[in-house]
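Everything on this sheet refers to the single structure shown next.
Every number here is computed from the coordinates shown, using simple stated rules; none is lab data. Because the structure is a prediction, the values reported are computed rather than measured. Virtual Cβ from ideal backbone geometry, glycine too; neighbours counted across all protein chains shown.
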Amino acid sequence: SGKTATVDGVATKEIIPLDYLKRQAEGEGKTQEEIDARTEDGVEYSFVASGVKIEE
């Protein structure tokens, strides 16, 4: 069953510019329709834990 955990670390949110995402899609061989369908910047979340405590 599930357990409660307490974590310590650093959470980050990175905004990925729309023009970068479109260039990346182009390089991956996406169709122009797929490239044009993206209309907003991307968002990437990450969390690097420096400690985790599992409650008993």
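For LYS53, list the lysines whose Cα falls under 20 Å from its own Cα; do not include residues on the same chain fewer than 8 positions away.
In chain and number order, the partners are LYS3.
Exactly which GluC sites (Glu not before Pro) in the stretch 3-36 are in a DSSP loop and have at most 15 other Cβ atoms within 10 Å?
When the GluC sites (Glu not before Pro) of the stretch 3-36 are filtered for loop state and at most 15 Cβ neighbours within 10 Å, GLU28 remain.
What residues qualify as long-range amide H neighbours of GLY42, i.e. H under 5 Å apart, gap of 5 or more or another chain, H built at 1.01 Å from N?
Excluding prolines and chain starts, which carry no amide H, the hits are ILE16, LEU18.
For the stretch 44-56, in order, what is each residue's ³J(HN,Hα) by Karplus, 6.51 cos²θ - 1.76 cosθ + 1.60 with θ = phi - 60°, in whole Hz (x at glycine and Pro)?
Those phi angles translate into 10, 9, 8, 9, 10, 7, 10, x, 9, 10, 9, 6, 8 Hz.
Extension gain SER1-VAL52, at 0.36 nm per residue separation less the Cα-Cα distance, in nm?
16.6 nm
Under a Cβ-Cβ cut-off of 13 Å, what is the net charge of the residues other than GLU26 that fall near it, where Lys and Arg count +1 and Asp and Glu count -1?
Combined, the nearby Lys, Arg, Asp and Glu give -1.
How charged is the neighbourhood of ILE35? Take every other residue with its Cβ under 13 Å from the Cβ of ILE35, and add Lys/Arg as +1 and Asp/Glu as -1.
Net charge around ILE35: -2.
Please give the helix 18-27 orientation as an angle from the longest Cα principal axis of the chain, in degrees from 0 to 90, rounded to the nearest 10.
70
Using helices alone, what [θ] at 222 nm do you get for the chain, with -39,500 (n - 2.57) per DSSP H run of 4 or more residues, divided over all residues and rounded to the nearest 500?
Only helices count here, giving -7500 deg cm²/dmol.
If you take the alpha carbon radius of gyration of the chain and divide it by 2.2 N^0.38 Å, what ratio comes out, to two decimals?
Ratio of Rg to 2.2 N^0.38 Å for the chain: 1.79.
For the pair TYR20 and GLU40, how long in nm is the line joining their label points, each one 7 Å along Cα→Cβ?
1.8
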